[in-house]
Amino acid sequence: MRTLWVIILVIVQASAFEYGLKPSKVSEDVYCYFGKPEVMDKSNNGNMVNSCFVDMGESWLVIDSGPTYLYAKEALAQMDKIKKMPVKYVINTHVHDDHWLGNGHYEALGATIIGPELFKDEVDPKAETRMQKRISKEAYQETVPRLPQEMIDEEKVIQFAKGDVILHLVDGSAHTEGDLFITIPSLQILFAGDLLFNDRLLSLRDGDINGWLQVLDDLKMKKFKTVIGGHGDKSDITAFDLTYDYLFELREKVKSAIDDDVGIEDAVDIIVMLKYRDIALYSMMHRQNVEVAYRMLEWGEE
């Protein structure tokens, strides 16, 4: 009987879903898994988001744990081939589940998971997740929503052998009502989470266009050598361009439509912004973004 169970276990392990993840070396100390410019579905099984590892000397720092338990497990296994050391901290940049459903794997290994306080109000760990609804059962197996053990409402500094890691909370709403970004001064690096998309069109659904542009204005003034967003593989200062330019132009066009007494239904049809038409997810996101921006701006809020 014992032999039979061993055979079954071997078969199950051999047939476990694999993403085929390969880390990209961004710099001497930073590796990222860059997701596809798509929405989550059964073809990518959630591999449409960025998850990064930073060598902080004696341990890895993980920025966003990814879409599933199996994703996180596979990502760390690949990092072990580069340098085998523990994960001490995992930072969740915001509450959208493609960025943190891998938490369970790291929690089981003893990592401390930190995220914004918004998790308390916005995430029910017992509810069915978007990821669970949209990807295959094989890819989602073993995934159990695990929220950050530490939820912060102010700036936090974590000390490592290679320098401080600073967790910053956005004041107000930007991509969401509780965005967190990370800077590591010794490496001159910014991990912006979903404040930055650079290979697909963003969604304004849960955000605020004015707040989002304000935080990007502030970040663009700082001197970063490396800039990594939540979606897209750009890692230099040009990582700002798509998100900032699109939001700025969208705001200007929507404000102009409002000033000209163009109604919201007509504005959605008129404001097409053709230079972004070939960007991934334009057809899915742009009309919605126009409508959301119009509703935010129609009373002249600045």
Query raised in the report: Of all residues in region 108-131, which are within 23 Å of residue 76 (Cα to Cα) and either surrounded by fewer than 17 Cβ atoms within 10 Å (Cβ to Cβ) or in contact with a His (Cβ under 7 Å, 6 or more places away or on another chain) (or both)?
Result: 108, 109, 110, 112
Query - Among (1) in a helix (DSSP H, G or I); (2) surrounded by fewer than 19 Cβ atoms within 10 Å (Cβ to Cβ), the one test that residue 292 misses - result: (2)
Query - Matching residues in region 79-129 - criterion: being touching a helix residue (DSSP H, G or I) at 6+ places or on another chain (Cβ under 8 Å), of a type in the set (Ser, Thr, Tyr) and within 22 Å of residue 165 (Cβ to Cβ) - result: 93, 106
Requested in this report: Give me the pairs, please: first residue somewhere in region 241-256 and farther than 10 Å from residue 213 by Cα, second residue anywhere and of a type in the set (A, V, I, L, M) and not in a helix (DSSP H, G or I), beta-carbon distance under 6 Å, and either six or more positions apart or on two chains.
Outcome: 253/271
Query - helices (runs of 4 or more DSSP H) fully within region 160-270 counting 1 or more residues that are at pLDDT 95 or above, within 21 Å of residue 50 (Cα to Cα) and in contact with a helix residue (DSSP H, G or I) (Cβ under 7 Å, 6 or more places away or on another chain) - result: 209-220, 241-259
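Give region 71-118 a look and list any residue that's under 16 Å from the mean Cα position of the chain (by Cα) and farther than 19 Å from residue 49 by Cα, or say none. Walk me through it before giving the result.
Keep residues of region 71-118 that are under 16 Å from the mean Cα position of the chain (by Cα), which gives 71-72, 75, 90-103, 113-116, 118.
Residue satisfying the conditions is 118 alone.
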Query raised in the report: In region 138-159, what residues are in a loop (DSSP other than H, G, I, E, B) and either surrounded by 17 or more Cβ atoms within 10 Å (Cβ to Cβ) or in contact with a Gly (Cβ under 6 Å, 6 or more places away or on another chain) (or both)?
Result: 143, 144, 145, 146, 147, 148
Report task. Quickly run through region 19-47 and pick out the residues that are farther than 23 Å from residue 134 by Cα, of a type outside the set (D, E, K, R) and part of a strand (DSSP E or B). Result -> 24, 26, 27, 30, 31, 32
Query raised in the report: Wholly within region 48-121, which strands (runs of 3 or more DSSP E) include no fewer than the required count, namely at least 1 residues that are among the polar types (S, T, N, Q)?
Result: 51-55, 112-116
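Name the residue, out of 201, 195, 190, that is crowded, with 19+ Cβ neighbours inside 10 Å, aliphatic (A, V, I, L, M), farther than 30 Å from residue 110 by Cα and within 15 Å of the chain's Cα centre (by Cα).
Numbers: 195 fails: farther than 30 Å from residue 110 by Cα; 190 fails: farther than 30 Å from residue 110 by Cα.
Result: 201 is the single residue among 201, 195, 190 that is crowded, with 19+ Cβ neighbours inside 10 Å, aliphatic (A, V, I, L, M), farther than 30 Å from residue 110 by Cα and within 15 Å of the chain's Cα centre (by Cα).
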Query - Pair list, Cβ under 9 Å, 6 or more apart: region 286-301 residue modelled with pLDDT under 95, other residue assigned to a helix (DSSP H, G or I) - result: 298/254; 298/258; 298/264; 300/255; 300/258; 301/210
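Across region 277-289, what is the number of residues that are surrounded by fewer than 17 Cβ atoms within 10 Å (Cβ to Cβ) and in a helix (DSSP H, G or I)? Break it down into steps so the answer makes sense when it comes.
Taking region 277-289 as the starting set, the residues that turn out to be surrounded by fewer than 17 Cβ atoms within 10 Å (Cβ to Cβ) are 277-278, 283-284, 287-288.
If we keep only those that are in a helix (DSSP H, G or I) too, we end up with 283-284, 287-288.
Residues flagged as surrounded by fewer than 17 Cβ atoms within 10 Å (Cβ to Cβ) and in a helix (DSSP H, G or I) within region 277-289 amount to 4.
Applying the selection to region 122-137, what residues are touching a residue at least 40 places away in the same chain (Cβ under 8 Å) and assigned to a loop (DSSP other than H, G, I, E, B)? Steps first, please.
In the first step, residues of region 122-137 are kept if they are touching a residue at least 40 places away in the same chain (Cβ under 8 Å); the result is 122, 130-131, 134-136.
The answer is 135, 136.
The values are calculated or read from the model by the stated rules, or taken from the named source; none is laboratory data. All of these numbers come straight from a predicted model, not from anything done at the bench. Ideal geometry is used to build each Cβ from the backbone, glycine not excepted, and the neighbour counts take in all protein chains shown.
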